[in-house]
Every structure is written in C-alpha cells, then in structure tokens.
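First comes the structure, then the notes that go with it.
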Amino acid sequence: MTAIKFVIIGYGGMGSYHKKELMPNELVQVVGVYDISQTAQDSAREVGLKVYDSLEHVLADETVEAVLIATPNDAHKAIAIAALHAGKHVICEKPVAMNVAELDDILAVAKETGKTFMVHQNRRWDPDFLVIRDLYQTGQIGDLFQIESRVHGANGIPGDWREQAKHGGGMLLDWGVHLIDQLLWLIDSPIKQMSVDFSYILGNEVDDGFILYLTFENGIRALIEVGTTNYSQLPRWYVKGLNGAAKIEDWDLSGELVVATNKADVLAPKPIKAGVGLTKTMAPPSEEATVKHAINPIPADFLPFYQNVFDVMRHGAQPIVKNEQVRKVLQLIDDVFALVEEAK
Ligand code: NAD
C-alpha cells in the first residue's frame, strides 16, 4: 500500500487541520505546501514541510499525485482546473466553488482528464448528524416530518475573506453548504417549496446568517438556520417524528430523545397551570405516555473520508461524496441567492 503524495494548496486554518488531524500517514503523505502568505509558509516550514514557491512548480513536480485545495472559495476553480490539467487528482474544500457554472467548468476538466475530483463535505461524519440520519433511517420516532438544523455563534463573521463577497464570503456559502449537504444527502425527495431570510445585523456586505425553509415533495419540512449573533443558542437539532421527538443541544450530543409509548393514545393529558391561565393543549405528555433516552453516538456505516479518497484514487472505488450531490447542493445555493436578489 503506497500512500498518495499530496501537496496542500492554502495552508491556513483548514489546510493545516487536514495535515494535523485528517490525513492519516499510511494513506496520505503530505509532501509539501503552496501558500501565497509568508506566515503560512513559515508555519509549514516549522513542521518540516517543503514549501513550493509557485503553483506551477507544484504542478510540474511529477512526484506529486494529488492536491488538496484549502484556499478561500474564489480561488478553488482556477487551482482545481490547473491541477487536473497537470494530471493531479484533486480534493477540494467546501464550498466547492462560487456557483454551479464554476463547478461545471471543473467537472468538465475532471471528465476530460479522468482524474479524481472530490469535495470535502466532512460534516456527513459529524456525530450529531449520524444520530439524525439513524433516526430518519430506523424510524425509531416514526416518520420524521419536521427537521430543524441550526448552528449559532456569537462572534460575527470572522474578520477575514469570509466578510467579502468577492472571495465567496457569507454564511450561506460557509456553513449553509454543510447543513444543506447533510439534508439533501439524507432526504431523497425533490424540493417543492422554499423561502429564505438573510440577515445583515453587523452591517457586512455578505449575509451574517440566514433562515432557510424547505418543503420536500415527500412532505418533510426543514428549517436550516445559521446565526453569528447568538449570545444564547438554540439546539443544534430539533426533529419531530410521528412517534416522538429528538433535541440535540450541541456537537457533544447533549439532549434528549423522547419516544411515545403505546399508551400514548389512551392517556389523556392533564390540564396544567400555564402562566396565569390553564391549558390542556400545551400540557406535556403524561409520564406514562413517553420514555426519555439520552442521545447515544451512532457509528458511521461508511468509511472515513481519506480512507474513501484512497480507495477511490488507488482502486477506483465509489466516492462517498459524489459530485452530482455536491452540484445539487450548489444549485440550491444558487437558487437561494437568486431568491434573495428577486426580493430586493
Ligand atoms: P484561511 O484564511 O485560514 O486559509 C486560507 C489560506 O489560503 C491562507 O493561508 C491564504 O494565504 C491561502 N491562499 C489564499 N489564496 C491563495 C492562492 N491563490 N494560492 C495559494 N494559497 C492561497 O481559510 P480557511 O478557514 O482555512 O478556509 C479555506 C477553505 O477551507 C475555504 O474554502 C473554507 O470554506 C474551507 N473550510 C472548510 C471547513 C470544513 O469543515 N470543511 C472548515 C473551515 C474552512
């Protein structure tokens, strides 16, 4: 088994995270780095990595088999196309490109050259998402009919390229792409209806958050929300099924799974005092009508990302993250931007 020789293009936050945390030594060997910033070059040298002085030199190096692109979003397309033309396989960070037209240009070159082009949609491996996927697939709380997927931060948009439209900044492209990818990978049904609300609370030129409502043809309603001005957070997930509900507070899987017992139909809820009034409608279920469980981790029933990358590049295996799925996500993002423009 020979490791795939990679060069990392863009050795900032995510490029260095791939090197330190994600790229297992026996499958992937990072032979060098190319980055336009002196600081990034210095930190690559500090960990003993070769630093290339141009993209052309990376691509001309015949020992390099693949590149990982972890630059700001607007630089992905040109680097991917140049690398594919040079006969390199390409792993690209999300969002794969600024829009579908750019992605189509990349995919045309991938097809022409026969090289692998694959996107790092890593949040398919998130433990919280794996729980939701398991609930969806096993029907433990019955058929899901409402899914709310949220991420809330309190620190605004990071003060880097993410604040600038020309670099593909904004939260729809940054976090929206993850949450949309999770949902579209989970729910195999066309979208019937959607609406969106962008926020610009901190006055940036790009969205600092948004709420997206999707209705799928199979009847599932989903809400995707990204916020960067939330000093108090709503749960990461809230999902309702015909036979229960799940609330996952955070990435640590704190939360609860509430499953209706078969007594639920016969036990009438008791009226409760609510504020200065009385309610039966808003009373909690009687104790015998539900069972509460902790949220337990679910192991992924598919390979880790770089194991799959290795199998795809070395043995022609099927990629877990497929380009047609990535394209569907980006098409939805294009449609959301169009809807926002229309509403102006
Ligand atoms: P960053 O600003 O920390 O790093 C980007 C690096 O790219 C910088 O060092 C910069 O100097 C370099 N760079 C810019 N233009 C370049 C070019 N033309 N050629 C070579 N180097 C160039 O940004 P980041 O947070 O690491 O984000 C990089 C990419 O990774 C983005 O596409 C982002 O969306 C993605 N990302 C993905 C995840 C994830 O969970 N999958 C998390 C964070 C970032």
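Considered as a group, the residues in segment 105-128 that are without any contact (Cβ under 8 Å) to a residue 40 or more places away in the chain and in a helix (DSSP H, G or I) include one that is most open to solvent (accessible area, probe 1.4 Å), and that residue is LYS111. Of all residue pairs spaced 6 or more apart or on separate chains, those with beta-carbon atoms under 8 Å, a first member in segment 18-33 that is in contact (Cβ under 8 Å) with a residue 24 or more places away in the chain and a second member that is among the polar types (S, T, N, Q) and not in a helix (DSSP H, G or I) are VAL31/THR63.
If the condition is being away from the ligand (no atom under 16 Å from the Cβ) and under 21 Å from ALA317 (Cβ atoms), then segment 91-114 contributes LEU107, ALA110, LYS111, THR113, GLY114. Just name the residue that is surrounded by the fewest Cβ atoms within 10 Å (Cβ to Cβ) out of those in segment 29-69 that are within 14 Å of the ligand (Cβ to nearest atom) and polar (S, T, N, Q). The selected residue is GLN38.
Only one of the numbered conditions (1) part of a helix (DSSP H, G or I); (2) modelled with pLDDT under 95 is violated by PRO285, and that is (1).
Check ALA338, ALA289, ALA274, ALA294 and return the single one that is without any contact (Cβ under 8 Å) to a residue 24 or more places away in the chain, more than 30 Å from LYS111 (Cβ to Cβ) and among the aliphatic types (A, V, I, L, M). Please lay out each step first, then the result.
Values: ALA338 fails: more than 30 Å from LYS111 (Cβ to Cβ); ALA289 fails: without any contact (Cβ under 8 Å) to a residue 24 or more places away in the chain; ALA294 fails: without any contact (Cβ under 8 Å) to a residue 24 or more places away in the chain.
Only one candidate passes the filter, namely ALA274.
Only one of the numbered conditions (1) more than 23 Å from LYS94 (Cα to Cα); (2) part of a strand (DSSP E or B); (3) without any contact (Cβ under 8 Å) to a residue 40 or more places away in the chain is violated by LEU214, and that is (1).
Any residue at all in segment 75-90 that's in contact with a Leu (Cβ under 7 Å, 6 or more places away or on another chain), near the ligand (Cβ under 10 Å from one of its atoms) and either closer than 23 Å to HIS167 by Cβ or open to solvent by 40 Å² or more (accessible area, probe 1.4 Å) (or both)? Looking for residues that are in contact with a Leu (Cβ under 7 Å, 6 or more places away or on another chain), near the ligand (Cβ under 10 Å from one of its atoms) and either closer than 23 Å to HIS167 by Cβ or open to solvent by 40 Å² or more (accessible area, probe 1.4 Å) (or both), one finds at least one in segment 75-90, hence yes. ASP250 - would you say it is surrounded by fewer than 22 Cβ atoms within 10 Å (Cβ to Cβ), in a strand (DSSP E or B), among the acidic types (Asp, Glu) and modelled with pLDDT of 95 or more? No; evaluated as a whole, the condition is false for this residue.
Restricted to helices (runs of 4 or more DSSP H) entirely inside segment 24-99, those with at least 3 residues that are charged (D, E, K, R) are 38-46.
The values are calculated or read from the model by the stated rules, or taken from the named source; none is laboratory data. What you see is a predicted model; the values in this text were computed from it and never measured. Neighbour counts are summed over all protein chains in view; Cβ atoms, including those assigned to glycine, are modelled from backbone coordinates with ideal geometry. Keep in mind that these areas ignore ligands, DNA and RNA; they rest on the heavy atoms of the full protein, side chains included. Shrake-Rupley method; radii C 1.70, N 1.55, O 1.52, S 1.80 Å.
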